[in-house]
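The values are calculated or read from the model by the stated rules, or taken from the named source; none is laboratory data. Owing to the predicted nature of the structure, the values given are computational and were not obtained by experimental measurement. Cβ sites come from the backbone with ideal geometry, for glycine too, and all protein chains shown count toward neighbours. Accessible surface areas use protein heavy atoms only, side chains included; no ligands, DNA or RNA. Shrake-Rupley method; radii C 1.70, N 1.55, O 1.52, S 1.80 Å.
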Amino acid sequence: MAIVPRRVIAANWKMNGLAADGAKLARDVVAALGGGLASTVVLCPPFTLLQAVRAAIAGTAVALGAQDCHEKASGAFTGSIAAPMLADAGCRYVIVGHSERRHGLAETDALVAAKVTAAWAAGLVPILCVGETLAEREAGRTLAVVGTQLAGSLPGGAGAGPLVVAYEPVWAIGTGRVPTEADIAAVHRFLRGALATARGDGAAIPILYGGSVKADNAAAILAVEDVCGVLVGGASLDAAGFAAIARAAG
Ligand code: PGA
């Protein structure tokens with residue numbers, strides 16, 4: 001079974017990058033990171049760039065991840081990518097349940113749970129995203145929402161595999177708005193408790209924060225109790241800025 005590191009700094013490039021700039025970004029990230037990082041750095045480019053990024057990070061400690069997988073291992077699912085294909089392409093991680101898929105593509109908790117199962121079957125570590133909308137936060141429902149998402153997105157029964165969880169408030173993604181450190185701490189504490197109840201190894205599962213993480217707020221966010229790393233979108237498209245975030249994690 002894959003070993004899950006304690007500190008994870010993950011880059012979600014989303015739907016950005018063509019062959020030339022994607023490979024260059026990955027090479028620039030490797031160069032900017034330098035050596036001696038205690039954290040595990042994961043680059044999640046779009047599917048079309050997996051091979052180029054795989055080549056660019058070969059021989060380094062940087063790991064490859066994807067942004068989604070289909071819940072089935074193969075079959076007549078035009079346009080979809082299966083978890084075994086991602087493993088075959090060199091991925092060790094896959095993001096599942098990102099809010100841009102939950103809300104933009106109506107992915108349900110049950111579908112996300114099926115994707116987690118598919119990732120485990122392929123030997124991948126799912127980075128499972130949960131997060132509330134602004135309306136849900138303003139209605140005081142944040143913990144209820146993330147708790148329901150987490151419970152519904154974790155496959156039931158035995159055979160739980162390696163896992164990373166990312167708390168990503170929907171209203172903080174790509175907006176420049178970030179919850180207070182106290183608010184991040186409260187959600188992470190809640191998720192830590194929920195994971196400990198759900199799984200025997202719940203205390204050891206890394207919980208990342210994501211949503212408008214930048215070089216200038218990363219250190220403060222990473223210092224919040226129970227924050228084990230960050231999932232970085234927009235700021236991960238700049239090698240120097242992303243490397244600065246990774247260095248803030250140590
Ligand atoms: P952002 O995105 O850093 O651009 O806010 C984070 C994410 O969606 O994972």
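For the range 196-211, a residue qualifies if it is open to solvent by 10 Å² or more (accessible area, probe 1.4 Å) and free of Cβ contacts under 8 Å to residues at least 60 places away in the same chain, and the qualifying residues are 196, 197, 198, 199, 200, 201, 203. Quick check on the range 226-234. Is at least one of its residues within 12 Å of residue 11 (Cβ to Cβ) and in a helix (DSSP H, G or I)? Checked against the condition, which is being within 12 Å of residue 11 (Cβ to Cβ) and in a helix (DSSP H, G or I), the range 226-234 yields at least one hit. Going through (1) over 29 Å from residue 56 (Cβ atoms); (2) out of contact with any Gly (no Cβ under 8 Å at 6 or more places or on another chain); (3) open to solvent by 10 Å² or more (accessible area, probe 1.4 Å) one by one, residue 192 falls short only on (2).
Mind checking which residues of the range 95-114 are within 16 Å of the ligand (Cβ to nearest atom) and either out of contact with any Pro (no Cβ under 6 Å at 6 or more places or on another chain) or in a loop (DSSP other than H, G, I, E, B) (or both)?
Those that are within 16 Å of the ligand (Cβ to nearest atom) and either out of contact with any Pro (no Cβ under 6 Å at 6 or more places or on another chain) or in a loop (DSSP other than H, G, I, E, B) (or both): 95, 97, 98, 99, 100, 101, 102, 103, 104, 105, 107, 112.
For the range 103-110, the condition of being charged (D, E, K, R) and more than 25 Å from residue 62 (Cα to Cα) holds for at least one residue. Here the condition is being free of Cβ contacts under 8 Å to residues at least 40 places away in the same chain, of a type in the set (A, V, I, L, M, F, W, C) and in contact with a Cys (Cβ under 6 Å, 6 or more places away or on another chain); of 18, 49, 64, 105, it holds for 64 alone.
Of all residues in the range 153-175, those satisfying the criterion of being open to solvent by less than 60 Å² (accessible area, probe 1.4 Å) and of a type outside the set (A, V, I, L, M, F, W, C) are 153, 155, 161, 162, 167, 168, 169.
Taking the condition farther than 20 Å from residue 238 by Cα and of a type in the set (Phe, Trp, Tyr), does residue 47 pass? Considered against the rule, which asks whether it is farther than 20 Å from residue 238 by Cα and of a type in the set (Phe, Trp, Tyr), residue 47 comes out as no.
In the list 43, 150, which residue meets the criterion of being crowded, with 16+ Cβ neighbours inside 10 Å, within 20 Å of residue 206 (Cβ to Cβ) and within 16 Å of the ligand (Cβ to nearest atom)? Working first, answer last.
Details: 150 fails: within 16 Å of the ligand (Cβ to nearest atom).
Just a single option satisfies the conditions, and that option is 43.
Suppose we keep only residues that are under 22 Å from residue 164 (Cα atoms) and not in a loop (DSSP other than H, G, I, E, B) within the range 9-25. Which one would you say is farthest from the ligand (Cβ to nearest atom)? Here the residue is 9.
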